[in-house]
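The values are calculated or read from the model by the stated rules, or taken from the named source; none is laboratory data. This structure is a prediction, so every number in the text was calculated from the model and none was measured. Here the Cβ positions follow ideal geometry from the backbone for every residue, glycine too, while neighbour counts run over all protein chains shown. Remember, those area values only see protein heavy atoms, side chains included, never the ligands or the DNA or RNA. Shrake-Rupley method; radii C 1.70, N 1.55, O 1.52, S 1.80 Å.
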Amino acid sequence: MSISIEKAMQLVQAAHAEAESIDLAVTAVVVDESGRVVALGRMDGARPISVDIATNKAYTAASFKQPTQELSGVAGQAWFQ
């Protein structure tokens with residue numbers, strides 16, 4: 001399932017609003033089902049490395065079709081590395 005640029009930008013803006021509400025500066029990335037970037041937004045003050053981290057996290061979630069938080073239990077297994 002693909003995502004429209006409009007929806008992707010809404011998600012980036014929502015992530016930024018949430019981060020701002022807890023006094024964080026983040027980079028938010030939305031990818032399509034193949035893990036390719038659809039939208040990316042880096043807040044003022046977010047570290048430059050956060051672009052790579054957010055992109056890789058989004059790619060991983062798309063590749064495994066689940067949130068990366070759910071992958072923490074298998075991340076240490078040999079087949080995962």
Hydrodynamic radius of the chain per Kirkwood, over alpha carbon pairs, in Å: 13.4
Cα-based helix-to-principal-axis angle, 5-21 vs the chain, degrees rounded to 10: 80
Cut-off 12 Å between beta-carbons: net charge of the residues surrounding Ile53, Lys and Arg +1, Asp and Glu -1: +2
Of the GluC sites (Glu not before Pro) in the chain, those whose Cβ has at most 13 other Cβ within 10 Å and which sit in DSSP loop: Glu33
Dipole of the chain, positive end: most advanced residue of Gln77, Ile5, Asn56 [Cβ charges, Cα centre]: Gln77
Solvent-accessible area, 1.4 Å probe, carbon plus sulfur percent, for the chain: 54
Qualifying trypsin sites (Lys or Arg not before Pro) in the chain, DSSP loop, other Cβ atoms within 10 Å at most 16: Arg36, Lys65
